[in-house]
Structures are given as C-alpha cells and as structure tokens.
Amino acid sequence: MDPIRESLLKKSHQAKLERRGRLLGLFCISLIVVVVAAIFYFVASRGLATFYHDKINLWDFLTKQAWNPGTKDSHGIPEVGALPMIVGSFLVTIFAALVATPFAIGAAIFMTEISPRRGMQILKPVTELLVGIPSVVYGFIGLTVVVPVIRYLFGGTGFGILAGTFVLFVMILPTVTSMSVDALRAVPRHYREASLALGATRWQTIYKVVLRSSLPGLLTAIVFGMARAFGEALAVQMVIGNAALLPHNLVSPASTLTSILTMGIGNTIMGSLENNALWSLALILLLMSLVFNLLIRLIGRKGALKP
Amino acid sequence: MKVKRQDKVATVILYLIAGTIILVLASLLAFILIQGLPHVTWHFLTTPARSFEAGGGIGIQLFNSFYLLVLAMVISVPLSLGAGIYLSEYAKKNWLTSLIRTAIEILSSLPSVVVGLFGFLIFVIQFKFGFSILSGALVLTVFNLPLLTRNVEESLASISSMQREAGLALGLSRWETVTRIIVPEALPGITTGMILGAGRVFGEAAALIYTAGQSAPALDFTNWNPFYIASPLNPLRPAETLAVHIWKINSEGIMPDAVAVSAGASAVLIIAVLVFNLSARWFGQHLYQKMTGSGKKGA
C-alpha cells in the first residue's frame with residue numbers, strides 16, 4: 001500500500017499514546033472510586049449484620065447502656081448497648097472543640113491581624129510541624145504527663161473524658177489554627193481599611209468585620225477539627241480508660257467508639273455477634289464522618305452565597 | 001474611651017493566647033526531645049525489641065517503618081499521579097466528575113481506624129495476605145491516595161494554561177504535553193506534597209494495627225531474598241512499625257522500661273517528621289530552581 005495513504009488511515013503514534021494515557025488516568029481514578037464504594041459496602045454489610053442477622057433492635061443498640069456482647073440479659077437478648085461509647089465519643093469531641101476554638105481563632109487573629117511578622121516567624125512553623133506529629137506520640141504524652149497530673153489534682157485513676165479532651169485539644173489545635181489563618185487571610189484587605197477609616201478600633205474591626213466575614217471559613221475549620229477528633233483512635237484509647245460505662249464525671253474511666261473498636265476487633269471471631277457489634281460501631285463512625293463532610297459542604301455553600 | 005479600653009484588653013488577651021499556645025507547643029516538643037533523646041543511641045536504633053526485660057531497642061520496627069513507607073509510596077505515587085492528571089487535564093465538568101471529587105473528599109476524611117478495618121477485611125482476610133507488610137502498604141495507599149491525588153491535581157492546575165497551548169501548538173498530543181511540559185513544571189509542588197504524605201504515612205498507626213500486625217519477628221539481615229521467611233524484604237511477613245510499637249508497649253504494659261523505650265521511639269518519630277518537613281521544603285525549592293533555571297543569581 002502507498003505509505004502516505006497508510007499513514008493517513010492508521011492511527012498515529014501520538015493518538016495511540018493519547019488514548020493510552022487517558023485510559024491510564026481513568027483507571028487510577030476509577031480505582032479510588034471503587035475503593036470508596038467497597039469501604040462503604042463492606043463496613044455496612046458487616047455493621048448491619050447485627051441488626052439483620054442477630055436481630056438486635058436498632059433503637060436498643062443506640063440507647064441501652066450495657067455493653068457485654070458475650071452475655072445475655074434477662075430476656076435472652078445479648079447486651080449490646082452502644083450508648084456509653086457514643087456519648088464518650090461526642091463528649092470528648094465537643095469538649096475538645098470547645099477548648100480548642102478560642103485558642104485556635106485567637107492565635108489565627110494574632111498571626112493575621114496583630115503581629116503578622118512574629119506570628120509567621122514563630123507560630124506558623126511550629127503549628128505546621130505539629131500537624132505532622134503522629135497521634136501515638138500525643139497519646140504517649142497524655143499517658144505520661146496528662147494522666148498523672150489529673151490523678152494528682154482530682155484523684156481516681158486519671159483516665160477519663162478530661163484526659164481524652166486534653167489530648168485531643170492539643171492534637172486538633174494546630175489543624176484548626178492553620179485553617180483559621182487561611183480563612184482570615186481570605187478576607188479582602190479593603191474590608192479592614194474601610195472599617196478603620198470609619199474610625200473603628202482594631203478590635204472593633206476584627207470583631208465586627210473580619211470575624212463575621214470569615215465565619216464560614218472558621219466554622220469549616222472547627223468542624224474539620226471535630227471530624228478529626230471524632231475519628232482519632234489510638235491517642236484517645238491510651239488515655240480514656242476504656243471502660244464501656246456511661247461516664248459519671250470527667251475523670252472516671254470511659255470509652256469512645258474508636259477505643260472499643262481498636263481494643264476489641266482482634267479478640268473476637270469473625271461473624272460472631274461480638275464481632276458484628278463492633279462492626280456496627282465502625283459503621284456509626286463511618287456515618288458520622290459523612291455527616292461532618294456534609295456539614296462542611298453546607299457551610300461552604302452558605303458561605304459562597306454571600307456577595 | 002470604652003472602645004479604646006476594649007481594644008487594649010482584647011489585644012492583651014490575644015497576646016496571652018498566642019503566648020500560651022507557643023508555650024504549650026514548645027514544651028510539648030521539648031518534653032519529647034528531652035525525655036527521648038538520651039535514649040536514642042546507636043544500640044537503641046539497631047537492636048531488636050525485648051518484651052519482658054529492659055534494654056531492648058527498636059531496630060526491627062525502624063526498618064519495618066521505612067520498608068513499609070517505601071512500598072506504600074511505590075504503589076501510591078503512580079496511582080495518584082494518574083488520577084491527578086486525569087482530574088486536572090481530562091475530566092469534564094459534569095456530574096460524574098463531581099461524584100469522583102466527592103468520593104475522594106469522603107475518602108480523605110474517613111477515620112484511619114475505619115480504613116484500617118476495611119484493609120483487615122479485604123487484604124488480610126479476603127485476599128489472604130495475612131498480617132503482612134503488603135496488607136499494610138495497601139492500606140496506607142488507600143489512606144494516602146486522596147491527599148496525594150488532590151495535591152497532584154492542585155499542583156497541575158496552578159500551571160498556566162499558556163504552557164498547555166504552547167505544547168498543543170507544537171503538535172504534541174495532550175498526553176505528551178502533560179507528561180513532558182506540565183508535570184515537569186509542577187514537579188516541585190508534587191514532590192513537596194509527596195514528602196509530606198510520606199511523613200504522614202510514617203507516623204500512622206491506627207490503620208496498621210490490624211493490617212501490618214503487631215508483632216515483629218526476628219529478621220535475618222544477611223539474607224535479602226524476598227521469598228525467605230525471615231528476610232527483611234519479604235513482603236508477606238508481619239511487621240510492627242515504630243508508631244504501632246509505641247502504642248502497643250504502652251497499652252500492654254508488660255515491658256519494664258516501656259516509658260523509656262516509647263520516649264526514645266517518640267523522639268525518633270518526631271525527628272523523622274521534622275526531617276520530612278524540612279526536606280520537603282528544601283527539595284521543593286531546589287527542584288524549582290533546577291527545573292525553571294530561576295535560581296543561582298549572579299552565576
């Protein structure tokens with residue numbers, strides 16, 4: 001055949017490369033999507049087995065307080081009440097966020113509005129470094145410093161919600177701070193200039209203009225920190241005491257979803273009720289992370305609507 | 001005058017907050033380093049751990065951490081590059097793409113325990129890899145992929161579209177433009193993200209407890225045949241990493257010098273994170289100068 005005609009009819013080397021490259025990219029991206037779908041499918045199928053296969057009432061699971069999946073109560077129903085863990089998880093998350101928020105936003109204001117030069121030189125590198133510190137290290141410090149101090153001050157064992165809160169507070173502080181800094185930086189400079197030109201003091205400018213216009217960003221930072229605190233496993237597990245009881249006070253041993261999960265999953269047999277109940281806890285974790293995700297999206301959308 | 005005083009008070013409070021934070025964070029770092037560094041000796045870094053008596057090291061755990069890190073990065077870097085290139089260069093703006101983006105976002109926000117349990121179910125039990133380095137590396141890939149992909153996509157998106165137009169105008173295909181022009185220019189950003197991702201992988205423990213296992217069998221450092229069971233390179237042996245080791249000796253409490261060992265191991269972890277952070281910054285700048293020829297003033 002005529003070589004010119006042949007080269008016109010056949011796909012060029014470039015076109016083949018292009019198609020191959022595109023398919024390669026598509027393959028990688030579909031792999032990620034498949035993995036996400038698989039995570040949901042497998043965790044849900046295991047987690048729902050408690051309710052379908054073992055016939056546990058969903059409402060009982062969420063509201064009963066006794067957690068002894070191996071034993072049965074007077075009605076012959078296994079004792080799988082996840083309330084202590086759910087309460088524990090929410091308590092440490094909310095407390096950690098409550099303590100961390102003023103500190104994080106205060107530090108962010110300091111870095112962007114009060115003393116940008118010093119803030120950037122000292123605070124920023126330190127927070128960036130601390131974001132990367134492994135959570136077991138935080139757990140270890142909690143175990144060797146925070147727990148003994150609490151034991152000394154309040155008595156008891158020192159393990160409990162308070163210790164967990166403190167460890168999580170230090171852990172999410174750098175993340176929330178650096179996200180808050182980004183949020184404050186995104187406020188246009190002329191907002192501040194306009195406010196100052198109207199005769200407002202620096203604090204009035206910060207409080208009435210900067211903080212209000214960056215509110216969606218700040219909320220996103222806090223929710224992000226809460227999501228991280230809720231899903232954190234080992235650091236909390238090391239300091240919370242791991243007793244599946246409703247906490248009486250802040251210094252009595254308690255437990256979170258993640259702590260019971262990490263302790264238990266290796267000691268139970270696949271497919272048994274004990275095991276399925278743990279997977280149901282994992283399912284709750286998964287759904288909560290979805291809720292946090294949704295919350296961040298909603299805040300983002302609300303924030304974006306503003307002019 | 002009231003507002004002026006309020007302004008003063010607020011400023012003082014903000015200074016106090018910033019001071020407190022620096023104090024807390026600095027004492028945290030100082031505590032780990034002061035507690036830990038005296039234990040970090042060559043002996044500590046190279047000897048295997050001992051369970052019931054004092055004086056053990058972290059040799060095997062340290063090697064496991066690095067090996068796992070390398071394996072995880074070998075799997076996740078190409079995948080994230082491909083996915084990032086697709087998202088930034090090929091993906092059309094439609095519902096499918098936004099679905100993909102949502103999936104990536106969800107994956108990046110999942111608690112690492114949940115990812116670890118998924119890995120346990122799939123790699124350890126379903127695929128019968130057992131508690132092994134391979135299972136661990138695959139889980140770390142799942143854990144790391146969304147963040148790396150987003151980093152690649154953002155780095156590529158920051159390259160000006162004129163570069164793409166120039167490449168296309170020269171008659172290159174889109175794929176060639178991306179791999180020959182866009183990726184090299186975005187390389188500094190991509191490398192920085194990869195190194196930071198490596199740092200995160202290095203300290204991860206929750207995802208590894210039920211995938212890479214919690215035991216570190218003795219290794220024969222003279223036999224590097226990957227199929228030999230005690231070979232350091234065997235990907236199917238259980239491998240406790242440094243971070244898992246810290247967690248385990250603290251929650252089991254049978255090692256007499258657990259506090260000293262975990263202090264030393266924590267210091268090593270922190271230093272590793274520090275090195276990853278600094279080298280990410282240095283590599284990024286160095287590569288940028290090399291790739292763009294913008295450095296070396298006056299040379």
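None of the figures in this text is laboratory data; all of them are computed from the coordinates on show. Here the structure is a predicted model, which is why all the values come from computation and not from measurement. Don't worry about glycine lacking a Cβ; one is built from the backbone with ideal geometry, like all the others, and counts go over all protein chains shown.
Data table
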{"quantity": "Ranking of B:Ile104, A:Ile4 by count of other Cβ atoms within 10 Å, fewest first", "calculated": "A:Ile4, B:Ile104"}
{"quantity": "Mean Cβ count within 10 Å, highest first, over the residues of peptides A:197-203, A:261-267", "calculated": "A:261-267, A:197-203"}
{"quantity": "A:Tyr52-B:Thr179 FRET efficiency (beta carbon distance; Förster radius 45 Å; 0.05 resolution)", "calculated": "0.35"}
{"quantity": "Backbone N within the range A:8-34 under 16 Å of label point (7 Å from B:Leu96 Cα along the Cβ vector)", "calculated": "A:19-34"}
{"quantity": "Exposed trypsin sites (Lys or Arg not before Pro) absent: longest stretch of chain B, with sites in DSSP loops and at most 11 other Cβ within 10 Å deemed exposed", "calculated": "B:129-295"}
{"quantity": "J(HN,Hα) series, the range A:216-226, from Karplus relation 6.51 cos²θ - 1.76 cosθ + 1.60, nearest Hz, glycine and proline x", "calculated": "x, x, 5, 4, 4, 4, 5, 4, 4, x, 5"}
{"quantity": "Extreme residue, positive dipole direction of the protein assembly as shown, given options A:Ile150, A:Ala107, A:Leu257 (C-beta unit charges)", "calculated": "A:Ala107"}
{"quantity": "Cβ-defined net charge surrounding B:Gly171, 13 Å radius [Lys, Arg +1; Asp, Glu -1]", "calculated": "-1"}
{"quantity": "Partner lysines for B:Lys248 [C-alpha distance under 27 Å; skip if fewer than 8 residues away on the same chain]", "calculated": "B:Lys128"}
{"quantity": "Derived scalar couplings ³J(HN,Hα) [the range A:58-72; Karplus, 6.51 cos²θ - 1.76 cosθ + 1.60; whole Hz; x for Gly, Pro]", "calculated": "4, 5, 4, 4, 7, 10, 7, 9, 8, 10, 9, x, x, 10, 10"}
{"quantity": "Length added when fully stretched, B:Ser158-B:Phe227, from 0.36 nm per residue minus Cα-Cα", "calculated": "20.4 nm"}
{"quantity": "Mean Cα-pair separation over length for chain B, i.e. relative contact order, pairs under 8 Å, 6 or more apart, %", "calculated": "26 percent"}
{"quantity": "Residues A:Ile269 and A:His75, FRET efficiency given R0 of 30 Å [Cβ-Cβ distance, rounded to 0.05]", "calculated": "0.80"}
{"quantity": "Förster-model FRET efficiency, 35 Å R0, B:Thr46 and A:Leu153, C-beta, rounded to 0.05", "calculated": "0.30"}
{"quantity": "Straight-distance crosslink candidates among lysines, where the alpha carbon sits under 25 Å from A:Lys64 and sequence neighbours closer than 8 are dropped", "calculated": "A:Lys55, A:Lys72"}
{"quantity": "Over chain A, relative contact order from alpha-carbon pairs under 8 Å, at least 6 apart, %", "calculated": "24 percent"}
{"quantity": "Net charge dipole size for the range A:52-166 [Lys, Arg +1 and Asp, Glu -1 on Cβ; Debye, nearest 20]", "calculated": "320 debye"}
{"quantity": "Of A:Lys208/B:Lys4; A:Lys124/A:Lys302; A:Lys208/B:Lys2, pairs whose Cα-Cα distance is over 19 Å", "calculated": "A:Lys124/A:Lys302"}
{"quantity": "Dipole magnitude of the range B:40-292 about its Cα centre (Cβ charges: Lys, Arg +1; Asp, Glu -1), debye to nearest 20", "calculated": "460 debye"}
{"quantity": "Helix-derived mean residue ellipticity, 222 nm - over the protein assembly as shown, DSSP H n ≥ 4, -39500 (n - 2.57), to 500", "calculated": "-22000 deg cm²/dmol"}
{"quantity": "For chain B, with +1 on Lys and Arg beta carbons and -1 on Asp and Glu, the positive-most of B:Phe118, B:Ala230, B:Ile58 along the dipole", "calculated": "B:Phe118"}
